[in-house]
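Since every read-out is calculated from the coordinates, none of them should be taken as a lab result. Quick caveat: nothing in here was measured; it's all calculated off a predicted structure. So basically every Cβ, Gly included, is an ideal-geometry build from the backbone, and we count neighbours across all protein chains shown.
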Amino acid sequence: MALYKYIAAKPGHTPEEIIIEGANEKEALAKLRLRGMTPVRFAGIEDAGKSRFGGRRADVFEFTRQLTPLLGANIPLEQSLAIISEGSGDQEQKEFVNSLRQGLHEGKRFSELVRSYGSLFPSYYANLIESGEETGCLPEVTAELYKFMSESKETRDFIVSSSIYPCVIFSVVLVVSVVLFAVFVPHFAKIFADMGRELPGSMRILVAIGGFFKWAWWLIPLIFTGTYFYLRYHFGIEKWKLILGRLLIKIPVFGRIVIDLEMCKYLRTLAILVGNHVEIIRTVRIAGRIISNPAVAAGFDGIDRKLKSGEKLSAALKGNEFVPRSTASMLRVGEESGQVGEMLASIAGNLEVDTRTRIKRLLGLFEPAVIIFLAVIVLGVVVAIFVSMMEINSISQGGAV
């Protein structure tokens, strides 16, 4: 989350600068109005994590990894932070942990301190910590949180490592294409110019493409960047994010992967909260805020209302276009056996495995697709040069006759 700055005032009072934390500007405005204040002017956004530690960010994953066993050994939170601070060899990390200790000494809750750091922590972190504080299960929640972060990190590392080879191939394709169009094709076209002959149509096309990329290549990123910022300004940040979210999930194959990654986070969060006896309506509200894609998040807006009306979680999720089809039936079995948390964890684990398999297949298809793309480019250049050489040959034969 970010910190939103406003110049705001209560009725009959002088305007003052107020900093509100929120997932987006809409949520920040809602919190501001709940305080009975009227916004006068928007003063910008501040990333709390960056502002406190300069350009470098503290390692939240490493912090959670160190905190988990200490809390599991029933060591008080403040003492656990002191142990982590003493054992840290990184000055930035030490300052980060000490600032948390200072906040605890000032009487603030751990979840409140986490929220104050904005995007330094993942969006779900503060909500899960808060649920652990309220239920008295902070060690258990922290352990589940570390497990969740480990699995998320493992998935990110898998995507990065699996993308290295396709990215290398794609880079080679770009370099080869640039060399063909910017160096080889113009050099061959010079032969025709020296002979005083007009270029064949195929070579003129290649020369035009090469000339564009050689002298006007900067137009491509400029056009994309300009279009992006224009549309963002035209629609507004929130609506533009919603449009992008909808576009992403509609892309064949890739869109399903995007949805499944969001569902992995959603189901894993439900499993952690239900497993730690957090009230179900609050659980689905917290889990709903974990979803980062606005188009997917919109599909879960009414889940809490369905639960309030008496429906079970399995019935509330049934028919949701984003939830895997088998989830509702498996969850219903968990409800009947009293093992909802365990069943949700199992569903999330299976979905994570399936999602990794889809990502691996998609990257596997990307490699031959790039190679075929390079082959088509090379074939087009070779055919154009071959036609031109045939024309040169015919000219030479005609001159010999």
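Taking amide H as placed 1.01 Å from N in the peptide plane, Val40 has its amide H under 5 Å from the amide H of Ile7, Ala8, Ala9, each at least 5 places away in sequence or on another chain.
Restricting the trypsin sites (Lys or Arg not before Pro) of region 173-274 to loop positions (DSSP other than H, G, I, E, B) with no more than 14 neighbouring Cβ atoms within 10 Å leaves Arg197. If you fit an axis through the alpha-carbon atoms of helix 340-400 and take the longest principal axis of the Cα set of the chain, what angle between them do you get, 0 to 90°, nearest 10? Compared with the principal axis, the helix lies near 10 degrees. From the Cα gyration tensor of region 264-377, with a ≥ b ≥ c the square roots of its eigenvalues, which class applies: rounded if a/c is under 1.5, or else prolate if a/b is larger than b/c, or else oblate? It comes out prolate by the Cα gyration axes. Of all lysines in the structure, the ones whose alpha carbon falls short of 27 Å from that of Lys190, not counting any fewer than 8 places away in one chain, are Lys214.
Determine which residues of region 165-185 fall in the zone a paramagnetic label at Val378 would reach in this model, i.e. backbone nitrogen under 17 Å from the point 7 Å along Cα→Cβ. Backbone N within reach: 168-185. If R₀ is 51 angstrom, what is the calculated FRET efficiency for the pair Arg256 and Lys190, using the beta carbon separation as r and rounding to 0.05? So, using R0 = 51 Å, E works out to roughly 0.55. Rounded to the nearest 20, the Cβ-based charge dipole of region 137-401 about its Cα centre (Lys and Arg +1, Asp and Glu -1) stands at 520 debye. Once both axes come from the Cα atoms, what is the angle between helix 25-34 and the longest principal axis of the chain, in degrees from 0 to 90, rounded to 10? Tilt of helix 25-34: around 20 degrees.
Temperature 25 °C, viscosity 0.890 mPa s: under these conditions the Stokes-Einstein estimate for region 103-240, based on its Kirkwood radius over C-alpha pairs, is 116 µm² per second. In this structure, Val176 and Leu248 have a Cβ-Cβ separation that, at R0 = 30 Å, corresponds to a calculated FRET efficiency of about 0.50.
What does the C-alpha gyration tensor say about the overall shape of region 60-121? Classify as rounded when a/c is under 1.5, otherwise prolate if a/b is larger than b/c, or oblate. Judged from the Cα gyration tensor, region 60-121 comes out rounded (a/c under 1.5). With viscosity 0.890 mPa s and temperature 25 °C, the Kirkwood radius over alpha carbon pairs of region 137-401 converts through Stokes-Einstein to a diffusion coefficient of 106 µm²/s. Taking only the Cα atoms of region 97-157, the radius of gyration and Dmax are 12.3, 38 Å.
Would you mind classifying region 261-314 by shape? Square roots of the alpha carbon gyration tensor eigenvalues, ordered a ≥ b ≥ c; an a/c under 1.5 is rounded, otherwise it is prolate if a/b is larger than b/c and oblate if not.
Here region 261-314 falls in the oblate category.
Relative to the longest principal axis of the Cα atoms of the chain, the long axis of helix 77-87 lies at roughly 50 degrees.
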